[in-house]
Structures are given as structure tokens and as C-alpha cells.
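Peer 1: I'd like to ask some things about the structure below.
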């Protein structure tokens, strides 16, 4: 079924609607995230996602391959770094799970993702990057958000990457779809939201991993649809601020470091 209604725009209201930290809260009460990411070849993507999430919630459990353990530990003292055999022990503690940035494309990881999505249907999942190339969309459910760019969308859903098809895919597979592009399209199969703007430099490697970190961080203590809308809105506003300040001379690390300032500016607007 194609979208026949009127789409809405993301806005500062999505950021302002996010749950606030309780003044007397304790460690873990403001969100716990599990990140399953990285491979012998790639560690940077996973680290971008993890650092971004760590700025939103209390605890980040980070599962990666042995070759990456030292890189991840050196990247941030906030991470609780574990190997793959620890997943089933720590996943129940997590409010939301991110799978995919820099992950190796293997049958083992495909089987792992299928097992987790099947076993933990009440857990919120964000599936990004390699995870999108490993999953069958029939595994998805209402607690899943997928974050494909146009080529990944085409490969995953066997549809053209249009806003109408973002809605159609979300409706058919009962999940949250975030179709990334010059305008992001976000849908839960009932509503369709547009997130325009940003900067051409948001096509730089690592910026999508930062978006995934935003969404999973926000999802820990917020509805998954709101987390997707707020993550997309904040990511593009931070990109616009950098574009104004630096032109095209910035990268993913600059974007990650701009997020707190951008969020504060939005909240005060």
C-alpha cells in the first residue's frame, strides 16, 4: 500500500519531547545500550556510534571482535568492552541494541542477528550498515528500526528508495524505516515524516554511524519512532551548523563533537 496521506516534518519539538534525566537518578536509570559492531577491518564506524550513544545514556556495553578490543578500549573509557560470547549475558540489561556498524558480513553474524531478533522481540533494535545486508526483512518487528541509505534500501526491500516506499516497507514489515538521503524519510507504516536540510558533507564516511548512535541512544528511554525522528533532526542540524562555520572542510569527528552544542541550541529555541 502506497502512502496516500500528507507527510509531516521533523522539528525541534522532537528533540524537546525526549525524556530528560531525572535529577536524583542513579547509574543505569537513564539508559543502557548494547552495541554489536566492528570487524578486523573496520573499527572506526563502531566507535563513532558508541561515543555518540555514550553522550546520551548512562552505560554502553560494546561487543566486538578480538582484533578490535584494544582500539575500542582506547577510544573511550566509558565503554564496557566484551567479546561475542558475552552477548546473551548482557543483552537483557540493555534498553536498546545497535547492530551493524563495521560488522563483518558473515554467515555467523547473519545467524546471530536472526537469533537475537527472534529471541528478544520486546527489546528495541537499531539495524544499520552491515546488518542491513545480512537480515531478511521478514525478521523485523515493531521494535526494530532500520537505517538504510538508498542503495541499502533497494537491496533490503527490493523497492525503489522513495518516500512512498519507505512508508510501504514500514507498513509491510511492521518496523520503523529511516531512509537516509538529502531528505530523510521516517515511517512506522502509519505516518510518514520528512527531515530535509543538512549538508552535502553528511555523505562523509562515519556520519551514518553517528546517526545510528543517536537513534539507539535516544531509543533507550524513548519510543523508537521518536528516537528516529529526533536523531535525524539533530544530525542534520549539527551538519548545517558545521557547514556554516567550516564550509565543506569537516568530517565525522567534527559532527560528533558538534552534537551537544546543536542539541542545546535546539532546546533553547
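The values are calculated or read from the model by the stated rules, or taken from the named source; none is laboratory data. A quick note: this is a predicted structure, and the numbers were derived from the prediction, not measured. Backbone-built Cβ (ideal geometry, glycine too); neighbour counts: all protein chains shown.
Peer 1: In segment 64-72, is there at least one residue being closer than 27 Å to residue 266 by Cβ and either within 15 Å of the chain's Cα centre (by Cα) or surrounded by fewer than 21 Cβ atoms within 10 Å (Cβ to Cβ) (or both)?
Peer 2: If we filter segment 64-72 for residues that are closer than 27 Å to residue 266 by Cβ, which is where we start, we get none.
Within segment 64-72 (the criterion being closer than 27 Å to residue 266 by Cβ and either within 15 Å of the chain's Cα centre (by Cα) or surrounded by fewer than 21 Cβ atoms within 10 Å (Cβ to Cβ) (or both)), the answer is no, since none of the residues qualifies.
Peer 1: Based on what the data block shows, is residue 80 under 20 Å from the mean Cα position of the chain (by Cα), at pLDDT 95 or above and closer than 17 Å to residue 216 by Cβ? Can you show your working first?
Peer 2: Working: under 20 Å from the mean Cα position of the chain (by Cα): yes; at pLDDT 95 or above: no; closer than 17 Å to residue 216 by Cβ: yes.
Considered against the rule, which asks whether it is under 20 Å from the mean Cα position of the chain (by Cα), at pLDDT 95 or above and closer than 17 Å to residue 216 by Cβ, residue 80 comes out as no.
Peer 1: A further question follows. Taking the condition surrounded by 21 or more Cβ atoms within 10 Å (Cβ to Cβ) and farther than 14 Å from residue 232 by Cα, does residue 205 pass?
Peer 2: When the stated conditions are applied, residue 205 does not pass them.
Here's the yes/no breakdown for (1) exposed (fewer than 12 other Cβ atoms within 10 Å of the Cβ); (2) under 16 Å from residue 96 (Cβ atoms); (3) out of contact with any helix residue (DSSP H, G or I) (no Cβ under 7 Å at 6 or more places or on another chain):
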| residue | (1), (2), (3) |
| --- | --- |
| 6 | yes, no, yes |
| 10 | no, no, no |
| 16 | no, no, no |
| 23 | yes, no, yes |
| 27 | yes, no, yes |
| 34 | no, yes, no |
| 37 | no, yes, no |
| 41 | yes, no, yes |
| 44 | no, no, yes |
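Peer 1: While we're on this one: Looking at (1) crowded, with 19+ Cβ neighbours inside 10 Å; (2) modelled with pLDDT under 95, can you tell me which one residue 52 breaks?
Peer 2: (2)
Peer 1: If you scan segment 228-252, which residues turn out to be touching a residue at least 40 places away in the same chain (Cβ under 8 Å), surrounded by 14 or more Cβ atoms within 10 Å (Cβ to Cβ) and closer than 12 Å to residue 201 by Cβ?
Peer 2: 236, 239, 240, 242, 243, 250, 251, 252
Peer 1: Based on what the data block shows, is residue 192 free of Cβ contacts under 8 Å to residues at least 40 places away in the same chain and either within 27 Å of residue 243 (Cα to Cα) or crowded, with 16+ Cβ neighbours inside 10 Å (or both)?
Peer 2: On the way: free of Cβ contacts under 8 Å to residues at least 40 places away in the same chain: no; either within 27 Å of residue 243 (Cα to Cα) or crowded, with 16+ Cβ neighbours inside 10 Å (or both): yes.
So residue 192 does not fit the description; no.
Peer 1: Right, something else. Can residue 171 be described as surrounded by fewer than 19 Cβ atoms within 10 Å (Cβ to Cβ), touching a strand residue (DSSP E or B) at 6+ places or on another chain (Cβ under 8 Å), part of a helix (DSSP H, G or I) and in contact (Cβ under 8 Å) with a residue 40 or more places away in the chain? Don't jump to the end; show me each part of the working.
Peer 2: Working: surrounded by fewer than 19 Cβ atoms within 10 Å (Cβ to Cβ): yes; touching a strand residue (DSSP E or B) at 6+ places or on another chain (Cβ under 8 Å): yes; part of a helix (DSSP H, G or I): yes; in contact (Cβ under 8 Å) with a residue 40 or more places away in the chain: yes.
The answer is yes for residue 171.
Peer 1: Is it the case that residue 112 is buried (at least 24 other Cβ atoms within 10 Å of the Cβ) and either in a helix (DSSP H, G or I) or under 15 Å from the mean Cα position of the chain (by Cα) (or both)?
Peer 2: Values: buried (at least 24 other Cβ atoms within 10 Å of the Cβ): no; either in a helix (DSSP H, G or I) or under 15 Å from the mean Cα position of the chain (by Cα) (or both): yes.
When the stated conditions are applied, residue 112 does not pass them.
Peer 1: Which condition number does residue 148 fail, the rest of (1) without any contact (Cβ under 8 Å) to a residue 60 or more places away in the chain; (2) surrounded by 24 or more Cβ atoms within 10 Å (Cβ to Cβ); (3) outside any loop (DSSP other than H, G, I, E, B) being met?
Peer 2: Failed condition: (3).
Peer 1: Just checking, which of 9, 24 is within 25 Å of residue 266 (Cα to Cα), modelled with pLDDT of 90 or more and over 16 Å from the mean Cα position of the chain (by Cα)? Before the answer, list the steps.
Peer 2: Working: 24 fails: modelled with pLDDT of 90 or more.
So the residue among 9, 24 that is within 25 Å of residue 266 (Cα to Cα), modelled with pLDDT of 90 or more and over 16 Å from the mean Cα position of the chain (by Cα) is 9.
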